[in-house]
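Engineer: Structure below; questions to follow.
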Amino acid sequence: MTGKPGEIDTRREGESVTVAVAGEIDVTTAGELDAAIREVEETEISRIVVDLSDLSFIDSTALEVLLRASIRHRQDGNRLSFVPSKHDSVTTLIALTCTAEMFE
């Protein structure tokens, strides 16, 4: 990695919780992302937003964390949504892996 280290910030806004992800998330930080999302899932909060807008790099391990979260929420009332990354490296990986529909 040569960019900004991964940062995960969770904040509550009314009946919504946002998990904001920034920098580079890879095998070394994917577990932190998974833990942050699962912690919010265990609450009764009505809406969970995973904000990827400042995510500049994601590897396959971190992508798997996001895909598994998306699958869980489709089975559990669909209260999860994503704000897409504005960085080409992330959007390219999502396009190449044909997983864009998981984040809609």
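Engineer: Take the Cα coordinates of the chain, assign each an equal point scatterer, and use the Debye formula without solvent to give log10 I(q)/I(0) at q = 0.19 Å⁻¹.
Structural biologist: -0.89
Engineer: Then there is this: Between ILE45 and CYS98, what length in nm is gained on full extension when 0.36 nm per residue of separation is reduced by their alpha carbon distance?
Structural biologist: Separation in residues times 0.36 nm, less the Cα-Cα distance, equals 16.1 nm.
Engineer: Shifting gears a bit: Could you work out the helix-only [θ] at 222 nm for the chain, with each DSSP H run of four or more residues adding -39,500 (n - 2.57) and the total divided by the number of residues, to the nearest 500 deg cm²/dmol?
Structural biologist: After summing the helix terms and dividing by the residues of the chain, the value is -11000 deg cm²/dmol.
Engineer: For a quick check, take a GNM of the chain with Cα springs below 10 Å and name the residue from ASP54, ASP34, ASP76 with the largest mean-square fluctuation.
Structural biologist: The residue that fluctuates most here is ASP76.
Engineer: Let me ask you something else. Counting only DSSP beta bridges with both residues in the chain, tell me the antiparallel percent, nearest 5.
Structural biologist: 35 percent
A short reminder: the numbers here are calculations on the coordinates, not readings from a lab. Predicted model only: the values in this text are computed from it and were never measured.
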